[in-house]
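K.L.:
Here you go, one structure.
Quick note: the coordinates plus some simple rules give every number you see, no bench work behind them. Note that this is a predicted model, so its numbers are computed, not measured. Every residue, glycine as well, gets a Cβ built from its backbone with ideal geometry; the counts of neighbours run over all protein chains shown.
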């Protein structure tokens, strides 16, 4: 009897429903989702070789996560806390960032028309009491799929339509007088 005929782990009905419920979470981290899929596959009877093949992980890694599930359930599949300082841009900050970016500055009572990363950083520091450097704020905007770039300013709103029409007519008339061709080329005499 080979290793593939022996079930990897025994999963109860309660555990299956807990795994299924957790897999329905929209904000589930990718790594945790992959581990839950490993457990689900083992519960459905897939062998180790099959799980290793579709997950792209080593057999040792798959066994480790399945073992953690057996010992601690769904909670044991979460990532361990990362070392270092906790992130300053938490969910509340990101929500304030999104609200600010989607609102024109004049609607917030600000004296400018366009957000810059420095202005946005200063505004959010006032609103949330969390100061984040403009360069890191641009990174956060990129992660939240906001388009960054320079605004395209035009002078169309300052131009008089009647004068623009008169100018275009004058240009058209000048082009008709010459037939749209350039005049003869003149060269300087040698010497």
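K.L.:
After finding the eigenvalues of the alpha carbon gyration tensor for the range 41-132, what semi-axes result from the square roots of 5 times each, listed largest first in whole Å?
P.N.:
Square roots of five times the eigenvalues give 47, 15, 11 Å.
K.L.:
Where the eigenvalues come from the Cα gyration tensor of the range 3-77, what are the semi-axes √(5λ) of the equivalent ellipsoid, largest first, in whole Å?
P.N.:
18, 14, 11
K.L.:
Please report 54, 115 as a ranked list, fewest other C-beta atoms within 10 angstrom at the top and most at the bottom.
P.N.:
54, 115
K.L.:
Next question, about the same structure. Provide the gained length on full extension for the span residue 59 to residue 23, in nm with one decimal, where the gain is 0.36 nm per separating residue minus the Cα-Cα distance.
P.N.:
Working it through step by step, the gained length comes to 10.7 nm.
K.L.:
Would you mind calculating the relative contact order of the range 91-143 from Cα pairs under 8 angstrom and at least 6 residues apart, reporting the percent as a whole number?
P.N.:
The normalised contact order for the range 91-143 reaches 28 percent.
K.L.:
Provide the FRET efficiency to the nearest 0.05 for the residue 68-residue 136 pair, computing r from the beta carbons and using R0 = 35 Å.
P.N.:
Between residue 68 and residue 136 the formula returns 0.55.
K.L.:
Counting pairs of alpha carbon atoms under 8 Å apart in space and at least six apart in sequence, what relative contact order in percent does the chain give?
P.N.:
13 percent
K.L.:
Fewest first, what order do 152, 40 take by the number of other Cβ atoms within 10 Å?
P.N.:
Fewest to most other Cβ atoms nearby, the residues stand as 152, 40.
K.L.:
Next question, about the same structure. What is the angle, in °, between the Cα long axis of helix 13-23 and the longest principal axis of the Cα atoms in the chain? Nearest 10 is fine, range 0 to 90.
P.N.:
Once rounded, the angle reads 10 degrees.
K.L.:
Could you work out the relative contact order of the range 3-77? I mean the mean sequence separation of Cα pairs under 8 Å and 6+ apart, divided by the number of residues, in percent.
P.N.:
So the answer I get is 37 percent.
K.L.:
What value, in deg cm²/dmol to 500, does the helix sum -39500 (n - 2.57) over DSSP H runs of n ≥ 4 give at 222 nm once divided by the residues of the chain?
P.N.:
-16000 deg cm²/dmol
K.L.:
Now, a different point. How many angstrom separate the Cα center of the range 29-60 from the Cα center of the range 128-176?
P.N.:
50 Å
K.L.:
Further question on the same structure: Tell me, 101, 11 in order of fewest to most beta-carbon neighbours within 10 Å?
P.N.:
Listing 101, 11 from fewest to most nearby Cβ atoms yields 101, 11.
K.L.:
Please give the direction-averaged projected area of the C-alpha convex hull for the chain, in square nanometres with one decimal.
P.N.:
The number I arrive at for the chain is 27.6 nm².
K.L.:
What percent of all Cα-Cα pairs in the range 91-143 falls in each 10 Å bin, counting up from 0?
P.N.:
Percent of Cα pairs in each bin: 25, 63, 12.
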